[in-house]
């Protein structure tokens with residue numbers, strides 16, 4: 001055995017010893033351990049048990065006895081999925097090769113109020129004004145612009161959150177500068193990056209305004225939270241549109257889209273029409289189990305400027321409106337019709 005080989009063995013032993021000392025043993029990949037890690041991670045880091053009236057200790061007592069050393073992957077997935085459904089938070093998910101467990105109430109996306117109903121009877125559809133983010137048209141018979149914002153997801157690179165695709169809002173508003181009002185539709189917008197939402201909202205801002213507050217889970221105790229941090233929106237871009245505006249919402253409007261609604265709601269010329277938003281702003285954290293499955297959990301609590309919690313509750317519109325199944329079959333979009341009514345009333349004041 002040569003000296004070099006002996007040295008390599010010694011270095012390897014030292015590295016392994018140091019790794020164990022400083023980083024600890026790798027967690028064991030067993031059904032019981034995967035369950036324990038999943039439950040404990042939520043117990044220490046999840047931010048909304050009290051808001052959602054969940055007794056996490058009781059959840060443990062129900063499901064822990066169902067896990068044994070013989071539990072297979074599908075059984076484990078089904079049990080962990082039940083924990084996800086118990087929390088009922090849109091920012092809590094479990095991602096596995098056997099499926100993705102998500103907040104069941106995402107079925108809100110199938111409600112008629114979350115859908116665009118026969119839009120071309122209301123807007124001019126004979127021109128191609130559409131991107132993956134925006135669609136912008138004019139209403140038939142009215143000098144009113146119509147903007148759909150499909151998402152606030154981003155494509156920022158490196159350390160930057162900037163997604164220049166959202167600067168298209170400047171071109172849209174240049175075309176809509178002489179419209180008497182604008183309807184902005186975020187009923188199907190499931191959120192994305194807050195930075196992108198504020199990029200758009202800033203083009204409608206009259207001044208710097210407080211639109212929300214957020215606090216973060218910052219310790220292992222159930223009541224360990226940071227102080228509330230204020231969130232502001234302020235004018236940005238080359239032009240701010242400050243004529244009558246209606247924002248259309250639904251139960252599918254969630255996450256950064258809800259923060260967009262909160263920001264828009266602070267401007268005196270903006271009215272919110274539709275259904276209450278989804279109620280989830282929780283800035284999730286991603287984690288991984290020893291078996292390679294990943295999951296995410298909410299780490300924050302969001303509120304409006306008056307300290308009304310948004311999580312699990314949502315943003316209530318100024319004019320609550322829903323499109324029924326019967327309306328949908330008949331091709332009637334109640335949210336669009338109410339928006340035209342509200343904005344016309346404001347124009348004619």
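Throughout, read-outs are computed from the coordinates displayed, never taken from laboratory work. This one's a predicted model, so the numbers in the text were calculated from it and none came from an experiment. Glycine also receives a Cβ, built like all others from the backbone with ideal geometry; neighbour counts cover every protein chain displayed.
By DSSP, the beta bridges lying fully in the chain are antiparallel in about 65 percent of cases. Rounded to the nearest 10 degrees, the angle from helix 334-347 to the longest Cα principal axis of the chain is 50 degrees.
In this simple spin-label approximation, residue 208 and residue 98 carry label points 7 Å from Cα along the Cα→Cβ vector, and these lie 5.2 nm apart.
Sorted ascending by nearby beta carbons within 10 Å, beginning with the fewest, 308, 91 become 308, 91. All C-alpha pair distances within segment 264-340, sorted into 5 Å bins from zero, spread as 3, 13, 15, 16, 13, 12, 10, 9, 5, 3, 1 percent across the bins.
Computed on segment 241-349, with alpha-carbon pairs under 8 angstrom and 6+ residues apart, the relative contact order is 28 percent.
Here segment 36-88 yields Rg over Rh of 0.97, to two decimals, using C-alpha coordinates and the Kirkwood radius.
Could you estimate the translational diffusion coefficient of segment 236-276 from the Stokes-Einstein equation, with Rh from the Kirkwood formula over C-alpha pairs, at 25 °C and 0.890 mPa s, in whole µm²/s? Show your work: numbers first, answer last.
Details: Rh = 11.0 Å.
Answer, rounded: 223 µm²/s.
The mean sequence distance of close C-alpha pairs (under 8 Å, at least 6 residues apart), as a share of the length of the chain, puts its relative contact order at 18 percent. Working from Cα positions, state the angle (0 to 90°, nearest 10) between the long axis of helix 3-23 and the longest principal axis of the chain. Long axis of 3-23 versus the principal axis of the chain: about 60 degrees. With q set to 0.11 Å⁻¹, the log10 of I(q)/I(0) for the chain, from the Debye formula over equal scatterers at the Cα positions, is -0.80.
Projection of the Cα convex hull of segment 207-332, averaged over all directions and equal to a quarter of that hull's surface, yields 11.8 nm².
Against the chain, whose longest principal axis comes from its Cα atoms, helix 256-265 is set at around 40 degrees.
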